[in-house]
Amino acid sequence: MRYAETGFNLEIDLTRGSIERVATDPRLTALHLGGQGTAARILWDRVGPDVDPFSPDNHLIFSTGILHGTPVPGANRTSVDTFSPQTGRYSHSVFGGFFGPELKHAGYDKIVVRGKSPDLVYLWIHNDKVEIRDATHFRGKGALETAALIKEELRENEAQVAAVGLAAENRVFMATIEHANSSASRGVGVIMGDKKLKAIAVRGTNDVNIAHPAELFEKSAGMYQKIYDNPDCGDLMAHEDDEEFHVNNFAWGNARDRNKGFWNEEREHEWTELSNRVRMRWTGCYNCPKDCHQAISYPGRQPYFQKCYSKLTYAMAAYEELDFNYNILGVTQEYGLDGFSTPQVLAFGVELYDAGILTDEDLPDFPADGAGRFFYLVDKIVRREGVGDALANGVYHAARQIGKGAEAFDHNTMKKFEQVPLKLGMVNYPYFLMYATGEKMNITQIEGSFPQVAIADLEERKEFVKGWEAAPERFKKWFMEWEPRTHPSIEEAVHICDWNETMHYVDDAVGTCAFLSSFTGQWAGRAPYHIHNLPEFVSLAVGMDLDSDGLWEIAARNRNLIRAINVRRGLRRSDEKPPEDHWKKREPEAEQKLLDEYYAFKGWTNDGIPTKEKLDSLSLEYVSEDFIRRGILPGSEETAPAEPVAVSAE
Amino acid sequence: MTEAKGTTAVVEKRIVKEIKVDLDKCIGCRACEMACSAFHSKPRFSITNPARSRIRVVIDELNDVYVPIRAGDYTPAECTGRHKYTINGKEYNECSFCGVSCPSRDFFLEPDSGLPLKCDMCEEDPTLDEPWCVKVCRCDCLTYYEREEEVEVEEEKRGEMELGLESLMSKYGADKVLDAIARLSSKS
């Protein structure tokens, strides 16, 4: 009997139209838990480094976390893993809502999609009944609109639907997958569109077996109040009307300038009033008492959900007001566009026009105002019309396709991917490492456990550390000694980066929301879930004997496997460069030293490649063997491929 | 025939358990479904599966519909369910979403057997301070309260035979049962 997981994946080949229910190896659960971890193993095994992301051989994997479908509150984020045409490398996203738990109740831990359908289809999973159905009548329909139409068509209001909009259908690199109040961003939608998979609808009514159900339920029941009462978890900023932090500190336009002085009381009043007017409701995800997502009804637009920082990204990129942001989200959410990267692509287009690189010939009837220009460009991009065809490939590729000096305007991408629009003063050691070495493309998916700033008052610092259950001991000492406006030491920076990213690898295998753990300790050190209490939840659910060290090791294994996937696709130290102007004052020597130390600490070569010793210690021998075979790691005598042994014929 | 007959109705005060629903506060998390299914699984808390829940949040995201509906009493005519809803700040006593048959009936079928499920307010000995759906609803969409009600109760307990005959009559109709009794009597 398998506990907390179903033990089955759904394998869909869209080229052949085949559907298989495949039993999975329980040893992989012990090694990787689930979610992103077990998905990485499938990608390593089946999608080689030569597979083009747009090839039918690329896989698109929807994974439940190991705690989905258990009573543990806030375990609802579904992991989506594939290869990105934008970066050429591993692409990962997570989305909240209800999809993962529903999938597990339907009897599957994952949906593994390969191949490519000849025309638009959707997948209907109803427990044991799974169908690939025609979706050509949904062509061009919005993402949430499609979900509603599918539920109507299936007469199944309780189905959970993940769907793509026009952007993915036209293989726009910034395309998302939309589900209920959540979105999978960071470039996974483009592969769903490329495979001509318009949507996946799931309805599950089966039980999920739990190893120690009563104990787990009791432990989980205690978490509702804890999470609800904790003011330092959930999406804190979503509920704030005082946007001073964002508008003052984040860069406007194409990650260009700070706009200090923009924020004032009058504006706060106006913006608050507007938000209250357009908000229908605050909503939450499956089995979580936090309400992090706004349901928005903007005049003339279909209702949509606003989450995270997308409340301001379009407004700031276009130098517009909040009203414009709510307005354009009504369009971009239905097209299915990433609220982080898309505004930067649009602002980049506007900059090129202002610089004369794009002309009226490229952009006929281009409006004069910021808002008008953004609406104009969004339409060109999702239809891949004219210059929109280049812009649809993201800033990095568009700059090179457009040429004429456009490359100089590509200043905020790293590893070919748009980064958060932050331009700061002095290089920050832990942040340098997190940006440089992260595999998850966006800093929000890497940072989050260790505080961003030191506390000046010693008593306050002590108070902070006293209740800091989430932190391994060494960090308490370092935080106590950390004086404001000083760098943590290189050693400390390495550990901070390590802890921060490790917690995200934990969440993305367990299925817990980052707003309850990996992203949320950095403000007050009071994350409800952390490395010290998650092992018990997992142990009770799965029936394995897991402690903090064990969970950390699983996260490290997943982190190294994903590193290896990218290394096999060419990732090296030379790629690990945050945008040049991310900080005004850089310390090139210290930065290189940081990389040296981080790689050494991780057990990687000085070029960022996990060593054989490291890989083997994490039971990733098959990776080190592959690296040696490919010449990525040097082979030693013991590990050189053995001569074939001659077999005597009788 | 010595079994007691006839019942005399007397008025008695009784505590009626109610759950008030404030639709404006529902965030659609469905924790109520999860907890309900856990409590009603056998053994207790052995299974969590919203499909087995006696409360469902009916959600229509695009129309801002978030309505927790409980598996109330079945009534052939008008609804006497204990639902109390708040919509846009206004309180509606009992459910007045419809005038005829309860739309929630279809939702509440045990997925394996197809048998109907019914909310029992988490009856337990010792009594819980509030039902589980309310316990986990931290946004206060569901709140539990008790009210006193005067009800007519049957003073005397009815015998087994009378109860048996009543159910036979409700199944086959009084005429058929009387016919059968007459037939059997004449034989003996």
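At a threshold of 8 angstrom on Cα-Cα distance, excluding pairs fewer than six apart, so keeping six or more, what relative contact order does the range A:498-632 reach in percent?
The normalised contact order for the range A:498-632 reaches 19 percent.
Relative to the present Cα-Cα distance, how much length would full extension add between A:GLU153 and A:ASP581 at 0.36 nm per residue of separation?
Length difference between fully extended and current span is 149.0 nm.
Enumerate the lysines that B:LYS187 could reach by cross-link, defined here as Cα to Cα under 26 Å, with residues fewer than 8 away along the same chain left out.
Result set, ordered by chain and number: B:LYS5, B:LYS171, B:LYS176.
Sort A:454-460, A:390-396 for me by packing, meaning the mean count of neighbouring Cβ atoms within 10 Å per residue, highest on top.
A:390-396, A:454-460
Step through the residues of the range A:169-186 one at a time and calculate ³J(HN,Hα) from phi using the Karplus curve (6.51 cos²θ - 1.76 cosθ + 1.60, θ = phi - 60°), rounding each to whole Hz and writing x for Gly and Pro.
Running phi through 6.51 cos²θ - 1.76 cosθ + 1.60 with θ = phi - 60° gives 4, 9, 6, 6, 5, 8, 5, 10, 10, 9, 9, 6, 9, 10, 9, 9, 9, 6 Hz.
Can you list the chymotrypsin sites (Phe, Trp or Tyr not before Pro) in the range A:22-65 that are in a DSSP coil and have 15 or fewer other beta carbons within 10 angstrom?
Here the sparse-neighbourhood loop sites are A:PHE54.
Give the order of A:VAL623, A:VAL465, A:VAL188 when sorted by the count of other beta carbons within 10 angstrom, beginning with the fewest.
A:VAL465, A:VAL623, A:VAL188
Please compute the average number of Cβ atoms from other chains found within 10 Å of each residue's Cβ in peptide B:41-49.
6
Enter the mean number of other protein chain beta carbons within 10 Å of the beta carbon of each residue in B:128-140, as an integer.
Average neighbour count from other chains, rounded to a whole number: 3.
For the range A:200-329, what is the number of Lys pairs with C-alpha distance below 25 angstrom, counting only pairs 8 or more positions apart or on separate chains?
7
List the trypsin sites (Lys or Arg not before Pro) in the range A:77-161 that DSSP assigns to loop (not H, G, I, E or B) and whose Cβ has at most 15 other Cβ atoms within 10 Å. Which are they?
Passing sites in the range A:77-161 are A:ARG139, A:ARG155.
Per-residue mean of other chain beta-carbon atoms within 10 angstrom of the beta-carbon, peptide B:22-30?
The mean count of partner-chain Cβ atoms within 10 Å per residue comes to 6.
Go through the range A:376-391 residue by residue and turn each phi into a ³J(HN,Hα) via Karplus (6.51, -1.76, 1.60, θ = phi - 60°); whole Hz please, and just put x for glycine and proline.
Running phi through 6.51 cos²θ - 1.76 cosθ + 1.60 with θ = phi - 60° gives 4, 5, 4, 4, 5, 5, 5, 9, 6, 8, x, 6, x, 5, 6, 4 Hz.
Would you calculate the separation in nanometres between label points at A:ASP616 and B:SER170, each defined as 7 Å from the Cα along the Cα-to-beta-carbon direction?
7.5
Across the range A:488-598, what fraction of all alpha-carbon pairs, as a whole percent, falls in each successive 5 Å bin from zero upward?
Histogramming the range A:488-598 at 5 Å steps yields 2, 10, 16, 19, 19, 15, 11, 5, 2, 1, 0 percent.
Measure off 7 Å from each Cα along the Cα-to-Cβ vector at A:GLU215 and B:MET161, then give the distance between these two points in nanometres to one decimal.
Result for the modelled spin labels: 5.5 nm.
Could you give the nm distance between label points at B:ALA180 and A:ASP545, where each point is 7 Å from its Cα heading toward the beta carbon?
6.1
Tally Lys and Arg at +1 and Asp and Glu at -1 over the other residues with C-beta under 12 Å from the C-beta of A:ARG21: what net charge comes out?
Residues near A:ARG21 contribute -2 overall.
What is the dipole size for the range A:165-289, taken about its Cα centre, with +1 at each Lys and Arg Cβ and -1 at each Asp and Glu Cβ, in debye to the nearest 20?
900
Based only on Cα atoms, what mean projected area does the convex hull of the range A:376-462 have, in nm²?
For the range A:376-462, averaging the hull's shadow over all directions gives 8.3 nm².
Per 10 Å bin, what percent of the C-alpha pairs of chain A does each bin hold, from zero upward?
Reading upward from the zero bin: 3, 16, 27, 29, 18, 6, 1, 0, 0, 0.
Estimate the FRET efficiency between A:ALA408 and A:THR359 by the formula 1/(1 + (r/R0)^6), using the beta-carbon distance for r and 25 Å for R0, to the nearest 0.05.
Computed FRET efficiency for A:ALA408 and A:THR359: 0.90.
I'd like to compare A:492-502, A:14-24: which one has the highest average count of other Cβ atoms within 10 Å, and what's the full order after that?
The most tightly packed comes first, giving A:492-502, A:14-24.
Taking the Cβ-Cβ separation of A:PHE54 and A:ARG21 as r and a Förster radius of 30 Å, what is the calculated FRET efficiency to the nearest 0.05?
E between A:PHE54 and A:ARG21, to the nearest 0.05, is 0.60.
How much FRET efficiency would the formula 1/(1 + (r/R0)^6) give for A:ALA30 and B:VAL11, where r is the Cβ-Cβ distance and R0 is 51 Å, rounded to 0.05?
The formula returns an efficiency of 0.20 here.
Output the peptides A:403-410, A:81-88 sorted from most to least packed, where packing is the average of other Cβ atoms within 10 Å over each peptide's residues.
Highest mean packing first, the order is A:81-88, A:403-410.
Before anything else, pin down the relative contact order of chain A: Cα pairs under 8 Å, at least 6 apart, normalised by residue count, whole percent.
15
Counting other C-beta atoms within 10 Å, which of A:PHE601, A:PHE417, A:PHE366, A:PHE98 has the fewest, and how do the rest follow?
Fewest-to-most Cβ neighbours within 10 Å comes out as A:PHE601, A:PHE366, A:PHE417, A:PHE98.
Amide H of B:ILE69 versus every other amide H placed in the peptide plane: which residues, excluding those fewer than 5 positions away on the same chain, fall under 5 Å?
For B:ILE69, the qualifying residues are B:ARG56, B:VAL57, B:VAL58.
Lysine pairs in the range A:395-481 with alpha-carbon atoms under 12 Å apart, 8 or more places apart or on different chains: how many are there?
5
Only the coordinates and a few stated rules stand behind these numbers; no lab work does. This structure is a prediction, so every number in the text was calculated from the model and none was measured. Backbone-built Cβ (ideal geometry, glycine too); neighbour counts: all protein chains shown.
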